[in-house]
Ligand SMILES: O=C(O)CCC(=O)C(=O)O
């Protein structure tokens, strides 16, 4: 169980571009869910792919992250936008969600990025100070601390559709000692898959702009995960090319559907 905060990992310019992208794609509007987990789609547009590539570039130019992540790959990435008046996020570890992604010893870690100043009124992440570490190499070394989670069915919008919530009296003391971690634009909170975490609710009019990238050791992940080293490497170009192809296929399909619908209507 371990976490670490790192300042100014993303440049102000890239952070602003990401906020703009979120606003343009409308991820900060609509439902008052826990967050708009953009799922596999968040970065899987042409622009999203280019932004993800730039994010990884900046992450890998941060010396400590470069050293730790050199054999890692991106498993998935989500935007985590909490809309104004959005609820708190319940306590959980991520490991129960990821048991079928990799066997123990776990390698997956989360990099949680703030795109704006985030405090206890704007959905700040809650973490027990005692789990803060100096070195990323201390991550995922505590495999025995997997707490009992209840598998929730029908958690619904209020709980952000979380399907596993911690229900273990051994975890209570840790949760009680937690404090909101205040972050500024471009800061990162890195935490491992055993880290107990939650986040505060929203009390103002503003939305909370954040996103996460989940990375794991490339030998342990699915073959289509995105390696983070060798930026001149063809895998990066391939990744963006795949996104372009997917987006184009989607557009052609939608166009085809539109035309056939029109033709059917005209015929009737
Ligand atoms: O962004 C948040 O508020 C919480 C995110 C979280 O708990 C998670 O993605 O596991």
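When you look at residue 28, is it under 29 Å from residue 166 (Cβ atoms) and at pLDDT 85 or above, yes or no? Against the criterion (under 29 Å from residue 166 (Cβ atoms) and at pLDDT 85 or above), residue 28 does not qualify. For the range 200-229, the set of residues classified as part of a loop (DSSP other than H, G, I, E, B), in contact (Cβ under 8 Å) with a residue 24 or more places away in the chain, more than 14 Å from the ligand (Cβ to nearest atom) and out of contact with any helix residue (DSSP H, G or I) (no Cβ under 6 Å at 6 or more places or on another chain) consists of 203, 204, 205, 206, 218, 219, 220, 221, 222, 225, 229, listed by residue number.
When residues in the range 77-90 are screened for being farther than 15 Å from residue 123 by Cβ and within 10 Å of the ligand (Cβ to nearest atom), 0 of them pass. Counting only strands (runs of 3 or more DSSP E) that sit wholly inside the range 67-151, those with at least 2 residues that are in contact with a helix residue (DSSP H, G or I) (Cβ under 8 Å, 6 or more places away or on another chain) and closer than 15 Å to residue 4 by Cα are 109-114.
Restricting attention to the range 103-135, which residues are more than 16 Å from the ligand (Cβ to nearest atom) and either under 18 Å from the mean Cα position of the chain (by Cα) or modelled with pLDDT under 95 (or both)?
Result: 103, 104, 105, 107.
The values are calculated or read from the model by the stated rules, or taken from the named source; none is laboratory data. Bear in mind the structure is a predicted one, so any value in this text is a computation, not a measurement. Reconstructed Cβ throughout: ideal geometry from the backbone, glycine too, with neighbour counts over all protein chains shown.
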